[in-house]
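Below you'll find the structure, written out as structure tokens, and then a few comments.
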Amino acid sequence: MVRTWAPQGCTPLQRHRQGRRDKISVISGISVSPQRQHLGLYYLLYFDNIGQEEVGLFLRELLRHLRGSVIVLLDNSSTHHGEPLGKLLRRHPRLHIEHFPAYAPEINPDEGVWSLAKRELANGCPLDRDELMDDIIRSINGIRTSPDKLRGCILESDLPNFLS
């Protein structure tokens, strides 16, 4: 739930143009370095739905930025299964994919990232897709540059505590 301001008894209204429904999809993940416990947040934005190819691109970008073995925890979305990911796993032996149990968003720390981002974006009213993109980037980067927020996303999830 997000609060907003309006005169008592008056429901706030936000006007928008009819017929347009611009969309931005985001894929993201929190990284944890096992040795130094350094936290990172990686993300890619798309102007359309995210499918298996986009997930593969995101994982290839992760491999470019992260050293050593990379273990990725994914939910059970259909975009996180299939031959494109199988091909990627065969091509990159240091990449390992594990899946969360079905219907278990409470153990996915990335859900905390989106909770924080949506809280900040909830009362916005961007005029166009570019302004929405700027708002999303500003929100995500605010989380990305805050080790406390990233640590909180992990600690608030029901994942076993490995951030001692």
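The values are calculated or read from the model by the stated rules, or taken from the named source; none is laboratory data. Small disclaimer: the values here were computed from a predicted structure and weren't measured. Using ideal geometry, Cβ is built from the backbone for each residue, glycine included, and neighbour counts are taken over all protein chains shown.
Checked against the criterion of being closer than 23 Å to Ile136 by Cα, at pLDDT below 95 and not in a loop (DSSP other than H, G, I, E, B), the candidates Val26, Val72, Val2 yield just one match: Val26.
Taking (1) in a helix (DSSP H, G or I); (2) under 20 Å from Gln37 (Cα atoms) in turn, Arg138 satisfies each apart from (2). Looking at this structure, is Val113 within 19 Å of Tyr42 (Cα to Cα), in contact with a Lys or Arg (Cβ under 7 Å, 6 or more places away or on another chain) and at pLDDT 90 or above? Taking the combined requirement at face value, the residue does not satisfy it. The criterion of being surrounded by 17 or more Cβ atoms within 10 Å (Cβ to Cβ) and under 30 Å from Asn161 (Cβ atoms) holds for Leu116. Within the stretch 85-113, the residues that satisfy the criterion of being surrounded by 14 or more Cβ atoms within 10 Å (Cβ to Cβ) and in a strand (DSSP E or B) are Leu95, Ile97, His99. Selection of the stretch 58-82 for residues being more than 20 Å from Trp114 (Cα to Cα) and surrounded by 15 or more Cβ atoms within 10 Å (Cβ to Cβ) yields Leu63, Leu66, Val70, His81.
Can you tell which of Leu155, Leu150, Leu163 is modelled with pLDDT under 95, touching a Lys or Arg at 6+ places or on another chain (Cβ under 7 Å) and over 29 Å from Thr11 (Cβ atoms)?
Step by step, each of Leu155, Leu150, Leu163 is checked, and only Leu163 is modelled with pLDDT under 95, touching a Lys or Arg at 6+ places or on another chain (Cβ under 7 Å) and over 29 Å from Thr11 (Cβ atoms).
Exactly one residue out of Asp75, Asp128, Asp158 is among the charged types (D, E, K, R), farther than 20 Å from Gly40 by Cβ and under 19 Å from the mean Cα position of the chain (by Cα): that is Asp158. Residues in the stretch 131-142 that are out of contact with any strand residue (DSSP E or B) (no Cβ under 6 Å at 6 or more places or on another chain) and either surrounded by 15 or more Cβ atoms within 10 Å (Cβ to Cβ) or within 13 Å of Ser31 (Cα to Cα) (or both): Leu132, Met133, Asp135, Ile136, Ile137, Ser139.
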